[in-house]
């Protein structure tokens with residue numbers, strides 16, 4: 001059930017040069033599914049709001065985290081100024097970009113770019129913490145290694161959960177960093193996920209990127225629509 005509350009900011013975390021997370025202190029355990037999103041209302045004049053994916057996992061108790069790429073909008077400017085002790089409004093949870101709403105597949109793959117990693121980070125973290133046994137592969141595209149949001153977090157999850165594998169795609173490769181160079185395409189998917197036809201794919205990122213990846217999966221790799229899951233909001 002969706003609820004609307006006011007919440008105090010517990011912590012602010014700079015993820016990359018232009019990506020920031022805020023953790024909202026909650027009076028009780030937050031009830032939501034990994035991969036869902038919410039609407040954040042800034043207490044500005046006038047009040048502005050934005051739909052954002054929840055980047056925390058339900059297994060991380062005591063807070064609800066939203067992560068935002070800081071662009072030149074009124075909301076981004078207000079989000080940038082947030083500090084511990086400030087209060088924001090939040091309406092949550094929403095969306096069906098979750099394992100539970102898509103049959104709890106035994107094997108899945110995630111294709112993501114940039115800040116689109118936020119709901120995927122939540123899903124993977126939840127699956128790892130609960131030791132669900134789901135076989136997961138993430139192909140994550142970014143401009144440079146400096147732009148990888150949740151870099152250390154994702155690497156640690158890969159270390160502790162043998163059934164999670166992470167593959168990077170960068171436009172500008174870094175020395176001594178393992179990655180594919182360019183964009184996510186059918187060749188990269190085949191190389192990184194040889195059993196792609198057996199997996200349910202979750203796609204998240206800027207809308208043009210999601211449409212492009214969906215086209216690759218359906219037209220080039222011939223996957224049926226029921227194996228492709230997307231989130232239909234531009235919370236980026």
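The values are calculated or read from the model by the stated rules, or taken from the named source; none is laboratory data. None of these values were measured; they are calculated from a predicted model. Neighbour counts run over all protein chains shown; Cβ positions are idealised from the backbone, glycine included.
Comparison of 77, 73 shows that the only residue that is more than 19 Å from the chain's Cα centre (by Cα), surrounded by 13 or more Cβ atoms within 10 Å (Cβ to Cβ), at pLDDT below 95 and not assigned by TED's automatic domain parsing to the domain that holds residue 205 is 77. Restricting to the range 128-141, and then to whatever is crowded, with 24+ Cβ neighbours inside 10 Å and farther than 17 Å from residue 231 by Cα, can you tell me which residue is nearest to the chain's Cα centre (by Cα)? Among them, the one singled out is 141.
Among the residues of the range 95-116 satisfying the criterion of being modelled with pLDDT of 95 or more and over 13 Å from residue 229 (Cβ atoms), which is surrounded by the most Cβ atoms within 10 Å (Cβ to Cβ)? Residue satisfying both the conditions and the ranking: 107. Determine if the range 200-218 includes at least one residue that is part of a loop (DSSP other than H, G, I, E, B), modelled with pLDDT of 95 or more and outside the structural domain of residue 50 (by TED's automatic domain parsing). So far as the range 200-218 goes, no, none of its residues is part of a loop (DSSP other than H, G, I, E, B), modelled with pLDDT of 95 or more and outside the structural domain of residue 50 (by TED's automatic domain parsing). Just one of the numbered conditions (1) assigned by TED's automatic domain parsing to the domain that holds residue 140; (2) at pLDDT below 95; (3) at negative phi is not true of residue 176: (3).
Report whether or not residue 74 is in contact with a strand residue (DSSP E or B) (Cβ under 7 Å, 6 or more places away or on another chain) and more than 29 Å from residue 208 (Cβ to Cβ). Against the criterion (in contact with a strand residue (DSSP E or B) (Cβ under 7 Å, 6 or more places away or on another chain) and more than 29 Å from residue 208 (Cβ to Cβ)), residue 74 does not qualify. Of all residues assigned to the range 221-233, none qualifies as being assigned to a helix (DSSP H, G or I) and farther than 22 Å from residue 135 by Cα.
Residue 5 meets the conditions (1) within 20 Å of the chain's Cα centre (by Cα); (2) surrounded by fewer than 16 Cβ atoms within 10 Å (Cβ to Cβ); (3) outside any loop (DSSP other than H, G, I, E, B) in every case but one. The failed one is (1).
Only one of the listed residues (134, 148) is in the same structural domain as residue 204 (by TED's automatic domain parsing), under 23 Å from residue 96 (Cβ atoms) and in contact with a strand residue (DSSP E or B) (Cβ under 7 Å, 6 or more places away or on another chain). That residue is 134.
State yes or no: is residue 66 surrounded by 16 or more Cβ atoms within 10 Å (Cβ to Cβ), in a strand (DSSP E or B), over 18 Å from the mean Cα position of the chain (by Cα) and at pLDDT 95 or above?
Answer is no for this residue.
Annotation for the range 43-57: no member residue is part of a helix (DSSP H, G or I), in contact with a strand residue (DSSP E or B) (Cβ under 6 Å, 6 or more places away or on another chain) and either modelled with pLDDT of 95 or more or crowded, with 18+ Cβ neighbours inside 10 Å (or both). More than 17 Å from residue 112 (Cα to Cα) and modelled with pLDDT of 95 or more, is that true of residue 156? Judged against the criteria, residue 156 is a match.
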